[in-house]
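To start, the structure under review is shown below, and the notes come after it.
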Amino acid sequence: MRLVIQGSNLGPSQLEQLARLCESCQFTRLESQAYSLVVEFPPRSEINAYCAAQGIDCAFVPDDQLLENFGLVVMDMDSTLISIECIDEIADMQGLKPQVAAITESAMRGEIEFAESLRRRAALLQGLDELALQRVYDERLQLNPGAELLISTLKQKGIKTMLVSGGFQQFTDGLKQRLGLDYAYGNNLEVADGKLTGQVLGSIIDAQGKADWLAKIRDELGLNREQVIAIGDGANDLRMIAAAGVGIAYHAKPVVQQQATYALNHVGLDGVLNLFRA
């Protein structure tokens, strides 16, 4: 397998210590802040502890997990592909961000069922002008670091990309067009007479909904589970991650890091690419 290490704190002294722990010094440089090392029987707990203390991401990746062996990458939107929680920013237009953000945080920790949390948050937005959604998209939505490089590289490799979100279609559609994503799905806030009604239309995309969309598109593409990567940060992403061959926790809640295949806490989304480079 490969030990993949990456992060801005990665320097000569860290490489030297990791080489000692692995009893090997055959590092391959992947990027300016990323290296891989072929290992057979690494002391995983020691390496994990050292990297955590140094603020370095590390992953033990099987040799056969290479980018060209995947066919679909599925991503969460809020706090994964983008840096904000859209509904929190929409609520800010109403002066309700603290109340909505508290519900969001509780849902991401898995303390409240997502569908119930979404209904509660949407209800607080009743009466807000629908133009607030576009203002959030234009003024506050930012891609997380490395997002554009990740998407463009996947497209070059012929790997399909899907955004599936418990957030809103008004944002997923915009990102699909902006980034050239192959698929994008989100929930739909009801609007009447130019105002949000506080209701969500149709079936809510929750944790199971995300997993169902992954399975549907995977099957349509004729892929198997091992050819799918899922990336997320909150409890609502756990079933989607479990349905994929590889799950990546991106700057994620502890419950997600515990269940994902790999965790990225210190690098951008382009760090996903380094995991699967030989």
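No value in this document is a laboratory result; all are computed from the given coordinates. No experiment lies behind these values; they were computed from the predicted model shown. Positions of Cβ are generated from backbone atoms using ideal geometry, with glycine treated the same way; all protein chains shown enter the neighbour counts.
By how many degrees, between 0 and 90 and to the nearest 10, does the Cα long axis of helix 114-124 differ from the longest principal axis of the chain? Taking Cα atoms only, the helix is inclined about 40 degrees. Spin-label pair residue 52-residue 15: with each label point 7 Å from Cα along the Cα-Cβ axis, the two points sit 2.6 nm from one another.
Sorting 41, 171, 114 by the number of Cβ atoms found within 10 Å of their own Cβ, with the fewest placed first, yields 41, 114, 171. Cross-linked pairs 157/216; 176/210; 155/210; 97/210: Cα-Cα separations exceed 18 Å for 157/216; 155/210; 97/210.
Translational diffusion coefficient of the chain (Stokes-Einstein, Kirkwood radius from Cα pairs, 10 °C, 1.306 mPa s): 81 µm²/s. Annotation: extensible slack from residue 120 through residue 142 equals 5.4 nm (criterion: 0.36 nm per residue apart, minus Cα-Cα distance). What is the diffusion coefficient of segment 3-79 in µm²/s, taking the Kirkwood radius over Cα pairs and the Stokes-Einstein relation at 10 °C with a viscosity of 1.306 mPa s? After rounding, the answer is 117 µm²/s.
Label zone of residue 242 (point 7 Å out along Cα→Cβ, amide N under 18 Å): in segment 62-76 this covers 76.
By how many degrees, 0 to 90 and rounded to 10, does the Cα axis of helix 97-108 deviate from the longest principal axis of the chain? Tilt of helix 97-108: around 50 degrees. Normalised by the number of residues in the chain, the average gap of Cα pairs under 8 Å and 6 or more apart makes the relative contact order 22 percent. Each of 75, 93 was scored by other Cβ atoms within 10 Å of its Cβ. Listed from fewest to most, they are 93, 75. When +1 charges are put on Lys and Arg Cβ atoms and -1 charges on Asp and Glu Cβ atoms, the dipole computed for the chain relative to its Cα centre reaches about 240 debye.
Put simply, the convex hull of the Cα atoms in segment 127-278 casts, on average, a shadow of 9.7 nm².
Model label sites at residue 215 and residue 38, defined 7 Å from Cα along the beta-carbon direction, differ in position by 4.0 nm.
Each principal axis of segment 80-183 carries a Cα extent, and these read 42, 31, 21 Å when sorted largest first.
Label sites at residue 195 and residue 226, each approximated as a point 7 angstrom past Cα along Cα to Cβ, lie 5.7 nm apart. Legend: calculated FRET efficiency, residue 29 to residue 257, from the Cβ-Cβ distance at R0 = 22 Å, rounded to 0.05, equals 0.25. Taken as Cα centroids, segment 116-188 and segment 3-43 sit 35 Å apart, rounded to the nearest whole angstrom.
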